[in-house]
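Chemist: Before anything else, here's the structure in question.
The values are calculated or read from the model by the stated rules, or taken from the named source; none is laboratory data. These numbers were taken from a predicted model, which means no experiment stands behind them. Cβ: placed from backbone, ideal geometry, glycine included. Neighbour counts: every protein chain shown.
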Amino acid sequence: MKKRVFSGVQPSGDLHIGNYLGAIVNWVRSQEEHDNVFCIVDLHAITVPQDPKILKHRTLENAKMYLAAGIDPKKSTLFVQSDRPEHSELAWILNCFTYFGEMKRMTQFKDKTGIQLGRNFTLPDTSDRLISNYDNKQLIAIIREIEAEWKNSDTWRIQNKRKEESISVGLFDYPVLMAADILLYDTDEVPVGDDQKQHVEITRDIAQRINNKFGKVFTVPEPVIKKEGARIMSLTDPTKKMAKSDQNENSYVLLRDDADTIYKKFAKAQTDSENVIKFNKEKKPGISNLLNIMSVATETKIPELEKKYANSNYGQFKADVAECVIEMLKPIQAKLAKYDKDEDYVRKVLKDGAEAVAPRAQETLKRVKKAVGLGL
Ligand code: TRP
């Protein structure tokens, strides 16, 4: 039996080469060995405000991107989360077996909202009060004092109240919907980045809790943390991951960027003043990132590239990296152009995908409802 692997992807608009080289390439390569299920998670997207037209556009756009990148609907399943009602239904049931206490410890919710439920909260700027040479213990005492003062202030109360009032319960509940996604398909493995590991762990906890209570209902999934090698960093600040949310457009290369744009972005990429093309993540993060990009784009080992560019300058090297990326994107962009002309094909792939996974989702849901005692 092939391992069932479930991946959820946010329809968050344009994908960049960091998404492609960091995740999609591995999915494409693993299509033969695994039973892959790819789900565009639009129900997760609406946990934060969305424009309906843009959300629809992005959902279709993401599907085009995955297909263009090599996800083959004959080997893998690609579908849209909201096309399968079982996700929301299972999420509700799981909600009733999830504790408020464990949910409020989820770090992504805290990072996204800045809301600190419970004992933790954000400190005000205390720099003017912490300048002198207190020892550690004294500092901790002072911070406590400031925290207490701050937490008692009207400003804190007002700020937190406002935040809480404009954040959806859905965002708080996000990990439970994710657990439903994973558990519906008897998933064995979930490939995730570090930031999502906690969500897979809570999925395991919920599954085990229900299994302990009612007998074996769910397959307990394993998180598989993505390999370091394909961690593509921002071009303008190579100490940060490449991210679409970055304000600076030159920090990422989109899968739809044209050749001219790609040359320009790489020409502006941050490097150092040494003019030596060697991999050293700490001392030369910019050059190391470019070497890494070229290495994964061309499937060439980094030492080989270092040898090849031993006598080159940064200008030439950057132009070559750009060229490799342009070459890598060529077939993807050709397919995107094809899908742009035939969106009905993409829609059909998604509909067929949702239908293909239906029996499995329905079977799991039936099992859960029976175990819990829902319906007659
Ligand atoms: N939360 C994931 C992210 O933001 C997306 C996601 C939703 C997901 N459901 C999932 C990932 C199930 C893996 C499995 O990246």
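Chemist: Does Lys241 fit the bill of being within 26 Å of Ser12 (Cβ to Cβ), in contact with a Gly (Cβ under 8 Å, 6 or more places away or on another chain) and in contact (Cβ under 8 Å) with a residue 40 or more places away in the chain?
Modeler: On the way: within 26 Å of Ser12 (Cβ to Cβ): yes; in contact with a Gly (Cβ under 8 Å, 6 or more places away or on another chain): yes; in contact (Cβ under 8 Å) with a residue 40 or more places away in the chain: yes.
Spelling it out, Lys241 is indeed within 26 Å of Ser12 (Cβ to Cβ), in contact with a Gly (Cβ under 8 Å, 6 or more places away or on another chain) and in contact (Cβ under 8 Å) with a residue 40 or more places away in the chain.
Chemist: Same structure again: Kindly list, by first and then second residue, each pair from a residue in segment 69-97 that is at positive phi to a residue that is modelled with pLDDT of 95 or more, limited to pairs with Cβ atoms under 9 Å and residues at least 6 apart or on different chains.
Modeler: Close Cβ pairs (under 9 Å, with a partner that is modelled with pLDDT of 95 or more) amount to Gly70/Pro331; Gly70/Ile332; Gly70/Lys335.
Chemist: Here are the criteria: (1) in contact (Cβ under 8 Å) with a residue 24 or more places away in the chain; (2) away from the ligand (no atom under 15 Å from the Cβ); (3) of a type outside the set (Ser, Thr, Tyr). Tell me which single one His57 does not satisfy.
Modeler: Among (1) in contact (Cβ under 8 Å) with a residue 24 or more places away in the chain; (2) away from the ligand (no atom under 15 Å from the Cβ); (3) of a type outside the set (Ser, Thr, Tyr), the lone unmet condition for His57 is (1).
Chemist: All but one of (1) out of contact with any His (no Cβ under 8 Å at 6 or more places or on another chain); (2) modelled with pLDDT under 90 hold for Met106; state the number of the condition that does not hold.
Modeler: All conditions pass for Met106, except number (1).
Chemist: In addition: Given the condition on the phi > 0 side of the Ramachandran plot, outside any helix (DSSP H, G or I) and away from the ligand (no atom under 12 Å from the Cβ), answer yes or no: does some residue in segment 6-28 qualify?
Modeler: If we filter segment 6-28 for residues that are on the phi > 0 side of the Ramachandran plot, which is where we start, we get 13.
Keeping just the survivors that are outside any helix (DSSP H, G or I) gives 13.
Retained after the next criterion (residues that are away from the ligand (no atom under 12 Å from the Cβ)): 13.
Within segment 6-28 (the criterion being on the phi > 0 side of the Ramachandran plot, outside any helix (DSSP H, G or I) and away from the ligand (no atom under 12 Å from the Cβ)), the answer is yes, since at least one residue qualifies.
Chemist: Scan Val220, Val224, Val200, Val190 and give me the residue that is in a loop (DSSP other than H, G, I, E, B), under 25 Å from Ser76 (Cβ atoms), within 16 Å of the ligand (Cβ to nearest atom) and not assigned by TED's automatic domain parsing to the domain that holds Ala334. Working first, answer last.
Modeler: Working: Val224 fails: in a loop (DSSP other than H, G, I, E, B); Val200 fails: in a loop (DSSP other than H, G, I, E, B); Val190 fails: in a loop (DSSP other than H, G, I, E, B).
Checking each option against the conditions leaves just Val220.
Chemist: Anything in segment 23-74 that is among the hydroxyl-bearing types (Ser, Thr, Tyr) and out of contact with any strand residue (DSSP E or B) (no Cβ under 9 Å at 6 or more places or on another chain)? List them, or say none.
Modeler: Correct list: Thr47 only.
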